[in-house]
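Presented below is the structure to which this report refers.
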Amino acid sequence: MLEYIDSHAHYDAEQFDPDREELLNRLHEDGVRNIVNMGCNLERSRLSVEYAEKYPFMYAAVGIHPEDVEGTPADYLDTLKKWAVLPKTVAIGEIGLDYHYEGYDPDLQKRIFREQLDLAEQLCLPVVIHSRDATEDTMSILRERGKVNGVMHCFSGSAETAKQVLALGLNISFTGVLTFKNARRAIEALEAVPMDRLMLETDCPYMAPEPNRGKRCDSGMIVHIIQKIAEVKGVSPELVAKQTTENTLKLFWKMNA
Ligand code: NI
């Protein structure tokens, strides 16, 4: 049985309301060693912390997602900090820039992104970065800092961008997008990422890999992503699971497997 870590999930999403507890316990028995639940706003960060308290195999990230910056209270950093120092909080995330939908406020997104990068640095926590249709601005904010401890999640950029992200010190993680028919760009990016910088994630309930595309995703579907990475890298699925587990433990738990 493959054992692996889902480094980025959203089990607070309403899609899991009917069967969350049963599903999580079954996934853990089926090989999901750990799950890191992401924060997207204050309420959902609180839920990440709550699940981490409830399930021994779950850990929390807390943060404000770029699509959720509107209406963030002035004292949000104090609230995040209170949760960030808890023993089962392993990262500040997901944070970043998202220019995909019309009506976004780039200045507000950049401010909240920078403030959370500062918070992570201050607390010596890694960051989980979300960047969609905003590569240029995301990269320039990260370059201001020289080195960044964290991971670029749901990577969708080019191989060239992947190399720049790696040069900043960040790991890169891929979702089910790798398994899609039009994934050529993602595959080329994957080829540019060395095995010791690679992480696994589902971003569930979104991004279900083939053959489940369009369905509700859960952490168990990572096996399809593992399979694809193994194929592209020419190694065994066991090695992909083992190496990505080590990389994730090193980043989030600062330890070796
Ligand atoms: Ni996400």
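The values are calculated or read from the model by the stated rules, or taken from the named source; none is laboratory data. Predicted, not measured: the structure shown is a model, and the values here were computed from it. All Cβ positions, even for glycine, are placed from backbone atoms using ideal geometry, and neighbour counts span all protein chains on display. In case anyone asks, the SASA skips ligands and DNA or RNA and just uses the protein heavy atoms, side chains included. Shrake-Rupley method; radii C 1.70, N 1.55, O 1.52, S 1.80 Å.
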(request) Within segment 34-45, identify whether any single residue is away from the ligand (no atom under 16 Å from the Cβ) and either touching a Pro at 6+ places or on another chain (Cβ under 6 Å) or charged (D, E, K, R) (or both), and answer yes or no. (result) no
(request) Pull up segment 120-138, narrow it to residues that are open to solvent by less than 10 Å² (accessible area, probe 1.4 Å) and either out of contact with any helix residue (DSSP H, G or I) (no Cβ under 8 Å at 6 or more places or on another chain) or within 19 Å of Val69 (Cβ to Cβ) (or both), then point me to the one that is nearest to the ligand (Cβ to nearest atom). (result) Val128
(request) Tell me, yes or no, whether segment 103-119 has at least one residue that is open to solvent by 70 Å² or more (accessible area, probe 1.4 Å) and either touching a Ser or Thr at 6+ places or on another chain (Cβ under 7 Å) or outside any helix (DSSP H, G or I) (or both). (result) yes
(message) Can you tell me which condition Thr202 does not meet? The list is (1) closer than 22 Å to Ile95 by Cβ; (2) open to solvent by 10 Å² or more (accessible area, probe 1.4 Å), and all the others hold.
(response) (2)
